[in-house]
1. What number of residues within segment 67-113 satisfy the criterion of being within 17 Å of ILE27 (Cα to Cα), outside any loop (DSSP other than H, G, I, E, B) and of a type in the set (A, V, I, L, M)?
2. If you go through segment 91-112, how many residues are free of Cβ contacts under 8 Å to residues at least 60 places away in the same chain and open to solvent by 40 Å² or more (accessible area, probe 1.4 Å)?
3. Please determine, by comparing only the residues of segment 1-32 that are open to solvent by 30 Å² or more (accessible area, probe 1.4 Å) and hydroxyl-bearing (Ser, Thr, Tyr), which one is nearest to GLU88 (Cα to Cα).
4. Restricting to segment 61-75, and then to whatever is more than 12 Å from the chain's Cα centre (by Cα) and over 12 Å from THR33 (Cα atoms), can you tell me which residue is surrounded by the most Cβ atoms within 10 Å (Cβ to Cβ)?
5. Has segment 48-60 got any residue that is surrounded by fewer than 21 Cβ atoms within 10 Å (Cβ to Cβ) and at pLDDT below 95?
6. Give the number of residues within segment 80-90 that are surrounded by fewer than 20 Cβ atoms within 10 Å (Cβ to Cβ) and not basic (Lys, Arg).
Amino acid sequence: QVQLVESGGGLVQPGGSLRLSCAASGITFRIHTMAWYRQVPGKQRELVAHISPGSSTTYADSVKGRFTISRDNAKNTAYLQMNSLKPEDTAVYYCKVLTMNLWGQGTQVTVSS
């Protein structure tokens, strides 16, 4: 089965950190660009970061310098390390194969004092 499963979300204080994981199955993981998106109620789902098969990375301006996307092809897993979190980072975070219609179920990140 083709599937992406996110994990690692939770409640964190402003300035804190979380690491999200995206475990992929049913695809040749190493050849795909992987992406993280986020969505809050009433807003469009937005691209946060993506990483190419060669590990070239791209970030939204809003997270540049704070978030790091990475991948471990041996584990078929993509990661999003989130540091210096802000309340405006609160959202459901989704993993995606960038050029396929393949999404995970999402994991909630809440940044609040």
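1. Count: 4.
2. Of the residues in segment 91-112, 1 are free of Cβ contacts under 8 Å to residues at least 60 places away in the same chain and open to solvent by 40 Å² or more (accessible area, probe 1.4 Å).
3. Checking each candidate, the answer is SER17.
4. Kept after step one, since they are more than 12 Å from the chain's Cα centre (by Cα), are these residues of segment 61-75: 61-62, 64-66, 72-75.
Keeping just the survivors that are over 12 Å from THR33 (Cα atoms) gives 61-62, 64-66, 72, 74-75.
On the way: ASP61: 6, SER62: 13, LYS64: 10, GLY65: 9, ARG66: 15, ASP72: 11, ALA74: 8, LYS75: 12.
Per the criteria, the residue is ARG66.
5. No, segment 48-60 contains no residue that is surrounded by fewer than 21 Cβ atoms within 10 Å (Cβ to Cβ) and at pLDDT below 95.
6. The initial filter retains those residues of segment 80-90 that are surrounded by fewer than 20 Cβ atoms within 10 Å (Cβ to Cβ), namely 81, 83-84, 86-88, 90.
Then keep just the ones that are not basic (Lys, Arg); that gives 81, 83-84, 87-88, 90.
Residues that pass the stated criteria total 6.
Quick grid of which residues meet (1) farther than 17 Å from GLN3 by Cβ; (2) in contact with a Ser or Thr (Cβ under 7 Å, 6 or more places away or on another chain):
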{"site": "MET82", "(1), (2)": "yes, yes"}
{"site": "LYS86", "(1), (2)": "yes, no"}
{"site": "VAL97", "(1), (2)": "no, no"}
{"site": "GLY104", "(1), (2)": "no, no"}
{"site": "THR110", "(1), (2)": "yes, yes"}
{"site": "SER113", "(1), (2)": "yes, no"}
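One line per residue, one yes/no per condition, for (1) free of Cβ contacts under 8 Å to residues at least 12 places away in the same chain; (2) charged (D, E, K, R):
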residue	(1), (2)
ILE27	no, no
GLN39	no, no
GLN44	yes, no
LEU47	no, no
VAL63	no, no
ASP72	yes, yes
TYR79	no, no
MET82	no, no
ASP89	no, yes
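The values are calculated or read from the model by the stated rules, or taken from the named source; none is laboratory data. In this text the structure is predicted, and so the values were computed from the model without any measurement. Cβ sites come from the backbone with ideal geometry, for glycine too, and all protein chains shown count toward neighbours. What goes into the accessible areas is simple: the full protein's heavy atoms, side chains included, and nothing from ligands, DNA or RNA. Shrake-Rupley method; radii C 1.70, N 1.55, O 1.52, S 1.80 Å.
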